[in-house]
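Peer 1: Below you'll find the structure I mean.
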2 protein chains.
Amino acid sequence: MNNIPLVFWLIPIASIVALGMAWYFFRTMMKEDEGTERMKEIAAHVRKGAMAYLKQQYKVVTIVFIVLAIVFAFMAYVLKVQNPWVPFAFLTGGLFSGLAGFFGMKTATYASARTAHGARTGLDKGLRIAFRSGAVMGLVVVGLGLLDIAIWFVVLNAVYEGENTALITITTTMLTFGMGASTQALFARVGGGIYTKAADVGADLVGKVEANIPEDDPRNPATIADNVGDNVGDVAGMGADLYESYCGSILSTAALGATAFAMNGDMQLRAVIAPMVIAAIGIFLSLIGIFLVRTKEGASMKELLHSLGLGTNVSAGLIAVATFVILYLLGIENWLGLSFSVISGLVAGVVIGQATEYYTSQSYRPTQKIAEASQTGPATVIIKGIGTGMISTMIPVVTISVAIMLSYLCANGFDMSLSAKSISIGLYGIGIAAVGMLSTLGITLATDAYGPIADNAGGNAEMSGLGEEVRERTDALDALGNTTAATGKGFAIGSAALTALALLASYIEEIKIAMIRAVENGKQYFDAAGNVFDPTNATTIDFINFFQVNLINPKVLVGAFLGAMAAFLFCGLTMGAVGRAAESMVQEVRRQFREIKGILEGKATPDYGRCVEISTRGAQREMIIPSLLAIVIPIVVGLVLGVAGVLGLLTGGLAAGFTLAVFMSNSGGAWDNAKKMIEEGHFGGKGSENHKATIVGDTVGDPFKDTSGPSLNILIKLMSMVSIVMAGLTIIFL
Amino acid sequence: MNNIPLVFWLIPIASIVALGMAWYFFRTMMKEDEGTERMKEIAAHVRKGAMAYLKQQYKVVTIVFIVLAIVFAFMAYVLKVQNPWVPFAFLTGGLFSGLAGFFGMKTATYASARTAHGARTGLDKGLRIAFRSGAVMGLVVVGLGLLDIAIWFVVLNAVYEGENTALITITTTMLTFGMGASTQALFARVGGGIYTKAADVGADLVGKVEANIPEDDPRNPATIADNVGDNVGDVAGMGADLYESYCGSILSTAALGATAFAMNGDMQLRAVIAPMVIAAIGIFLSLIGIFLVRTKEGASMKELLHSLGLGTNVSAGLIAVATFVILYLLGIENWLGLSFSVISGLVAGVVIGQATEYYTSQSYRPTQKIAEASQTGPATVIIKGIGTGMISTMIPVVTISVAIMLSYLCANGFDMSLSAKSISIGLYGIGIAAVGMLSTLGITLATDAYGPIADNAGGNAEMSGLGEEVRERTDALDALGNTTAATGKGFAIGSAALTALALLASYIEEIKIAMIRAVENGKQYFDAAGNVFDPTNATTIDFINFFQVNLINPKVLVGAFLGAMAAFLFCGLTMGAVGRAAESMVQEVRRQFREIKGILEGKATPDYGRCVEISTRGAQREMIIPSLLAIVIPIVVGLVLGVAGVLGLLTGGLAAGFTLAVFMSNSGGAWDNAKKMIEEGHFGGKGSENHKATIVGDTVGDPFKDTSGPSLNILIKLMSMVSIVMAGLTIIFL
């Protein structure tokens, strides 16, 4: 342990501070009054439903984890193609991610009634309760993520200390613990996404369209399920997604750093811990941002947005400055260039967020045009929305492309020679750009998790029949949440793309380790010319040439086709899943309206529990096939088409998946807000034919923006992660 | 000329036979009676509208051709980075493609009334007129395409005969004449696609939904424009698309053959003309197939399908057998393996066609499920349709992937070593698989062009008020056309993908030629290690390594992102274009209903001409931006990111574009048939709420399947073509 520099201990300290502050925010929130009996009762319903769902999901996930852990153990101890620590690292990755989801959601479900009650006192009080409860999720995610990283680094360092390639072994082994986080995220995102939209679509189709009762009306049997859905989809699902990006970006950057500076042992160690230190400092800066979020009574939407914006922007600005200091003090080679890599990641995040807002907010032309198209019926609303979503892919893709090139070139001093050294440092630059983007996740995730809490508070206020004034306040908080949700999605996708790219680059490192292990076990490799290929001293470029990972190799081209197809297939399956699950919900709500007399007159209580159960069962059943597919495709491609095919698959999947995700999220967001615009009185207003046309758009947009689109974030990262963990198996047949 | 083998002359002979037979079919058709005065009048309206559109389109295209020809002339004569024959080859490619569109459409517009009149005599008579008129299009396309190829081969052979690398120079120069065909195809597909769907959507939205009058009703002012649209979109657009694939696949395969057999001059010549000979024989076999198509009175749908299927299947079966004979007689190295490459292309075409039918025909579950979803309204119809379309990408992508691997491996004797030789022959195998798939285009295109003729015949019969029995017959012919349209689209996409892949591979050859030319002009190239790179004796693999076209090069990765984005952006723009053009049509139809008294009672004639004009202007205006984009993106990427970026772009664009095209075409086809299923009396039948829900699906599907989806075929080929023609410019800045 004596080789670990003092600055390392900042990492566990930061993670413990994050967890401590999360606990503090949780306790403070719990001390607030939950309001009237009716409010407590509704909150309890939602809480019970959410926890029942989570319990059910964790059951399924546990089975998958046991199976996968056995597979990894078999690979590690029998086939000896994997590091012996991997099965354990995998399990802790999953466990910590699951814990973060559990705590985050528990907090959210306790906070909604309290937020509604707080809104009775004033807008600031409501905002503070909701936002700080959201911050619990943010802080638990970064705290647990960084803690897991710190623990494993200390353990593996103790095991491998003194070995020649210790840091490469440590970082590539740690990378595989991201697989645990990925697997957990997969089920949380896919299952949660299906749950929330089955409930939402089901509730809307019968409640709003057929029975003509408003949103969140207590007469609608699916309304509790809808509120539960916000929690399981938008809190737990989003949290697990970003937990994975957070850990994945830090771990892959560490692995890329270990390779890039392999020639310089001391520098190597500092390059490995640099992303962790940036993340640790990011926690403190996030906390500063969180304390800055407050507002005054009667604040306008713009002022509310400003309060939230102030927090996130201050944190982002400070981390930009801090990065220069951290990298300078760590004495990393070309610290200045690498700092600019981080800046390019941060700027890309902001630009993508802004572009998302432009394409999905009713303040701008694209969404206004969709609302306008309602005059010619639902078909033109759909055509316009799909067209807008597709066009909206341009800015994010160009931005990410520029960020990739800049973070690569800043890191290696604008060296396009593609020498082994320039590539390694360039890829490290891309990784550290992703880390920069995610370093203030503590506050950005708080902003995301705030949304569903405010939404639920609104639901609670509506169902409890609180006064007009309170409803107005919760509506304002809710509207704020919708805007942050759209930009949050842009951020989640952008960071997922950069993380996936860093993971893709790390895959080569993992293959290298696997081949070295195989050679140590007596295997020999021959190149195309028949010469023995020695992986020990080979550079990244040597591996690329050995596996002929170029665009004239049909395996790579076929891999790219399959990757693009995987993205579409995955979306198609999740869309279908939402359709089927929503269908059962519709049948159940119709049945209750028919069989329980007096529901619509408000004289009888609907059977909320039955709807919660249907959503839970539907989500559990429907998430299996798409999830397994995401795990199976990279394994099969690896076995059939080898390393070249896998890299083609990852590239095709990343390029098509990222673009498809942006398209679906933005179309969905734009439809949602086009509908809201009409509800505010434009183009005929509520209840008009135009309104009905936009409801069709919104309903189609629900699975677009909350199920299929966000699930693609997981797919693109998970396919890389699976490939990394299965690297040993892929090269065994060589 | 003395080095040209005798068998070569089969090629011009076949093309002249094709043109002669086309003339014969045209004359026979023209001798038929066009029916009543009313029928003649309607046909004249449609013909006038179609020709007016074509004239307008050719005007725009002429300007683009002049500009591009000047650019190419500048590159050839001033910058000296392009072969001096390219500007001329480019112009003939465009001219011949334009001529094919003109003749095909002229025939189609003369045939519709004659088909309707023929249907008064009997079903077989109607089928024969419509199908043989469609065959005119098929034969003109293959005839003119092969004639252009033959002429240029003779000319360039005379110029370069005796030079060392004559065949490589000849084939890479000829390849650029495909650019003319591509440019023509771009405007035909995009402009035609926008025209037809603006008219169709506009006619449906007001006519069917608002005024409640049936399809093709003479009271609808947009009905003539709708019929014109079938001709300009489905005849001229589809024809230009496949003309491009046909020429592109033959030319790129010839170029790949010249490289693969460069070491063996005699074999090289035979490898170059092999794809042309296969295409020539394909013409004769298509003619056999065309004569086989006939049916008996009162034939069921199944029997009608059988008649058409018999023709295409016999042609395809015969070409499979003939390929073995041709390649054996030509004495091509590994003729047996290469023949199996052709078989894999043919089988892939059949499988994709079958899969398309499965996902889009009302005889199978996917489409039935969409119809069923109408019970919960339009939103679930859309969700289900999109989900189905996305899932339907799996079989085509896997099929194309298998076909790519098999055609590659069969050609080089299952050599995965990626030696320079094995790659070249493998790529030649992929090219020849595409040629095999397209060799019987004479009859497959006849089947495609038959559809809109039958559709127009139905429209003519409806508008002329022909008897119930005649309508039944034309309906049967029309329904047959809808089924062949779906499989035809699958075939067009599949062949476009293989052609684009062959073009992508040829791009390297073009870069090679451009660099050799630059070196001859005194330029020197240095590799990463600083050594002089000599392009003259370099292999394909050497170029790939020189440009570092591998998946760790950020330029390649960024290129792939941009390629995927280009596909989505292009679709988004064309969707938006249809939306806007349809909007003006809706306004115009509403205006006529309002201002011209007595239209709806059938007492006043609507102003058809005005609607035709609006569609024409809308299509012309709207096609400019997406079209320019398709040309500009590869040029900009080439200049900024170089050869590596371009290959990334083409790969990303091909993988994402192919998948997106399949998704959009199949969703659109499935919605169309789900609507038809309800109209046949299922789930409530015509006029029910469920029917309205599926009309929304159908309307959304219109631009999916007839504008954006098919336009992607052009995009993926055109981006390769532009890159090929601009190769000289890309390497000038190296």
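Peer 1: Can you list the helices (runs of 4 or more DSSP H) lying wholly within segment B:654-734 that have 2 or more residues being closer than 19 Å to residue B:360 by Cα?
Peer 2: Hits in segment B:654-734: B:689-703, B:709-725.
Peer 1: Here is a further query. Scan segment A:505-522 and give yes if some residue there is assigned to a helix (DSSP H, G or I), at pLDDT 90 or above and under 30 Å from residue A:22 (Cβ atoms), otherwise no.
Peer 2: Yes: segment A:505-522 contains one or more residues that are assigned to a helix (DSSP H, G or I), at pLDDT 90 or above and under 30 Å from residue A:22 (Cβ atoms).
Peer 1: Also: Consider residue A:573 carefully, then state whether it is over 25 Å from residue A:192 (Cβ atoms), crowded, with 20+ Cβ neighbours inside 10 Å and within 11 Å of another protein chain (Cβ to nearest Cβ).
Peer 2: When the stated conditions are applied, residue A:573 does not pass them.
Peer 1: Right, next: So which residues in segment A:245-259 are open to solvent by less than 10 Å² (accessible area, probe 1.4 Å) and either over 19 Å from residue A:102 (Cα atoms) or of a type in the set (Asp, Glu) (or both)? Spell out how you get there, then give the answer.
Peer 2: Taking segment A:245-259 and keeping what is open to solvent by less than 10 Å² (accessible area, probe 1.4 Å), we get A:245-258.
A:248, A:249, A:250, A:251, A:252, A:253, A:254, A:255, A:256, A:257, A:258 - these are the residues of segment A:245-259 that are open to solvent by less than 10 Å² (accessible area, probe 1.4 Å) and either over 19 Å from residue A:102 (Cα atoms) or of a type in the set (Asp, Glu) (or both).
Peer 1: While we're here: Looking at B:312, B:259, B:253, B:295, can you tell me which residue is more than 17 Å from residue B:411 (Cα to Cα), in a helix (DSSP H, G or I) and of a type in the set (S, T, N, Q)?
Peer 2: Details: B:259 fails: more than 17 Å from residue B:411 (Cα to Cα); B:253 fails: more than 17 Å from residue B:411 (Cα to Cα); B:295 fails: in a helix (DSSP H, G or I).
Of B:312, B:259, B:253, B:295, the one residue that is more than 17 Å from residue B:411 (Cα to Cα), in a helix (DSSP H, G or I) and of a type in the set (S, T, N, Q) is B:312.
Peer 1: Does residue B:559 fit the bill of being at the interface with chain A (Cβ under 7 Å from one of its Cβ atoms) and of a type outside the set (D, E, K, R)? Don't jump to the end; show me each part of the working.
Peer 2: On the way: at the interface with chain A (Cβ under 7 Å from one of its Cβ atoms): no; of a type outside the set (D, E, K, R): yes.
For residue B:559, the condition - at the interface with chain A (Cβ under 7 Å from one of its Cβ atoms) and of a type outside the set (D, E, K, R) - is not met.
Peer 1: Something else now. Looking only at segment A:332-342, decide whether some residue is open to solvent by 40 Å² or more (accessible area, probe 1.4 Å) and under 25 Å from the mean Cα position of the chain (by Cα).
Peer 2: Yes; the residues of segment A:332-342 include at least one that is open to solvent by 40 Å² or more (accessible area, probe 1.4 Å) and under 25 Å from the mean Cα position of the chain (by Cα).
Peer 1: While we're looking at this one, here's another question. If I ask for residues that are in a helix (DSSP H, G or I) and small (Gly, Ala, Ser), which ones from segment A:326-375 would you list?
Peer 2: Matches in segment A:326-375: A:337, A:339, A:341, A:344, A:345, A:348, A:349, A:353, A:355, A:371, A:373, A:374.
Peer 1: Continuing with the same structure: Regarding residue B:551, is this residue facing another protein chain (nearest Cβ under 10 Å), under 24 Å from residue A:528 (Cβ atoms) and open to solvent by less than 10 Å² (accessible area, probe 1.4 Å)?
Peer 2: yes
Peer 1: What number of residues in segment B:18-38 are under 30 Å from the mean Cα position of the chain (by Cα) and without any contact (Cβ under 8 Å) to a residue 60 or more places away in the chain?
Peer 2: The total comes to 4.
Peer 1: Answer with yes or no whether residue A:202 is more than 14 Å from chain B (Cβ to nearest Cβ) and either of a type outside the set (Phe, Trp, Tyr) or in contact with a Gly (Cβ under 6 Å, 6 or more places away or on another chain) (or both).
Peer 2: Numbers: more than 14 Å from chain B (Cβ to nearest Cβ): no; either of a type outside the set (Phe, Trp, Tyr) or in contact with a Gly (Cβ under 6 Å, 6 or more places away or on another chain) (or both): yes.
So residue A:202 fails the test.
Peer 1: Quick one: residue B:156 ticks every box in (1) open to solvent by 40 Å² or more (accessible area, probe 1.4 Å); (2) more than 25 Å from residue B:229 (Cβ to Cβ); (3) in contact with a helix residue (DSSP H, G or I) (Cβ under 9 Å, 6 or more places away or on another chain) bar one, so which box is it?
Peer 2: Checking residue B:156 against (1) open to solvent by 40 Å² or more (accessible area, probe 1.4 Å); (2) more than 25 Å from residue B:229 (Cβ to Cβ); (3) in contact with a helix residue (DSSP H, G or I) (Cβ under 9 Å, 6 or more places away or on another chain), the one that fails is (1).
Peer 1: State which residue is farthest from residue B:336 (Cα to Cα) when the search covers only segment B:379-415 and only residues that are outside any helix (DSSP H, G or I) and more than 8 Å from every other protein chain (Cβ to nearest Cβ).
Peer 2: That would be B:415.
Peer 1: From the residues in segment B:603-653 that are small (Gly, Ala, Ser) and either touching a Pro at 6+ places or on another chain (Cβ under 7 Å) or surrounded by fewer than 16 Cβ atoms within 10 Å (Cβ to Cβ) (or both), which one is nearest to residue B:728 (Cα to Cα)?
Peer 2: Taking the candidates together, the pick is B:609.
Peer 1: Surrounded by fewer than 24 Cβ atoms within 10 Å (Cβ to Cβ), at pLDDT 90 or above and aliphatic (A, V, I, L, M): does that describe residue A:281?
Peer 2: So residue A:281 passes the test.
Peer 1: Answer yes or no as to whether residue A:631 is closer than 26 Å to residue A:508 by Cα and away from chain B (no Cβ under 14 Å).
Peer 2: Criteria met by residue A:631.
Peer 1: Additional query: Can you confirm whether residue A:77 is aromatic (Phe, Trp, Tyr) and closer than 30 Å to residue A:732 by Cβ?
Peer 2: yes
Peer 1: Count, please, the residues in segment A:220-274 that happen to be more than 15 Å from the chain's Cα centre (by Cα) and under 13 Å from residue A:499 (Cα atoms).
Peer 2: 6
Peer 1: Quick test for you: out of A:123, A:167, pick the one residue that is out of contact with any Leu (no Cβ under 6 Å at 6 or more places or on another chain), touching a residue at least 40 places away in the same chain (Cβ under 8 Å) and within 15 Å of residue A:272 (Cβ to Cβ).
Peer 2: On the way: A:123 fails: within 15 Å of residue A:272 (Cβ to Cβ).
Result of the check over A:123, A:167: A:167.
Peer 1: How many residues does segment B:369-378 hold that are open to solvent by 10 Å² or more (accessible area, probe 1.4 Å), more than 7 Å from chain A (Cβ to nearest Cβ) and polar (S, T, N, Q)?
Peer 2: Selection size over segment B:369-378: 1.
Peer 1: Of everything in segment B:416-426 that's among the aliphatic types (A, V, I, L, M), in a helix (DSSP H, G or I) and open to solvent by 10 Å² or more (accessible area, probe 1.4 Å), which residue is nearest to the other protein chains (Cβ to nearest Cβ)?
Peer 2: Filtering segment B:416-426 down to residues among the aliphatic types (A, V, I, L, M) leaves B:416, B:418, B:420, B:423, B:425.
Retained after the next criterion (residues that are in a helix (DSSP H, G or I)): B:420, B:423, B:425.
Keeping just the survivors that are open to solvent by 10 Å² or more (accessible area, probe 1.4 Å) gives B:420, B:425.
Working: B:420: 10, B:425: 12 Å.
Taking the candidates together, the pick is B:420.
Peer 1: Out of segment A:468-488, which residues are at pLDDT 85 or above and either of a type in the set (Ser, Thr, Tyr) or surrounded by fewer than 24 Cβ atoms within 10 Å (Cβ to Cβ) (or both)?
Peer 2: A:468, A:469, A:470, A:471, A:472, A:474, A:475, A:476, A:478
Peer 1: Same structure again: Among the residues that make up segment A:581-602, is at least one of them buried (at least 24 other Cβ atoms within 10 Å of the Cβ), more than 30 Å from residue A:547 (Cβ to Cβ), within 26 Å of the chain's Cα centre (by Cα) and within 10 Å of chain B (Cβ to nearest Cβ)?
Peer 2: Yes: segment A:581-602 contains one or more residues that are buried (at least 24 other Cβ atoms within 10 Å of the Cβ), more than 30 Å from residue A:547 (Cβ to Cβ), within 26 Å of the chain's Cα centre (by Cα) and within 10 Å of chain B (Cβ to nearest Cβ).
Peer 1: Any idea which of A:533, A:546, A:491 is touching a helix residue (DSSP H, G or I) at 6+ places or on another chain (Cβ under 9 Å), more than 14 Å from chain B (Cβ to nearest Cβ) and open to solvent by 10 Å² or more (accessible area, probe 1.4 Å)? Walk me through it before giving the result.
Peer 2: On the way: A:533 fails: more than 14 Å from chain B (Cβ to nearest Cβ); A:546 fails: more than 14 Å from chain B (Cβ to nearest Cβ).
The conditions single out A:491.
A quick yes/no check of all residues on (1) on the phi < 0 side of the Ramachandran plot; (2) open to solvent by less than 10 Å² (accessible area, probe 1.4 Å); (3) in a helix (DSSP H, G or I); (4) of a type outside the set (A, V, I, L, M, F, W, C):
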| position | (1), (2), (3), (4) |
| --- | --- |
| B:171 | yes, yes, yes, yes |
| B:184 | yes, no, yes, yes |
| B:208 | yes, no, yes, yes |
| B:217 | yes, no, no, yes |
| B:229 | yes, yes, yes, yes |
| B:234 | yes, no, yes, yes |
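The values are calculated or read from the model by the stated rules, or taken from the named source; none is laboratory data. Quick caveat, the model's predicted, so the values are computed rather than measured. Using ideal geometry, Cβ is built from the backbone for each residue, glycine included, and neighbour counts are taken over all protein chains shown. All accessible areas refer to the heavy atoms of the entire protein, side chains included, with ligands and DNA or RNA removed. Shrake-Rupley method; radii C 1.70, N 1.55, O 1.52, S 1.80 Å.
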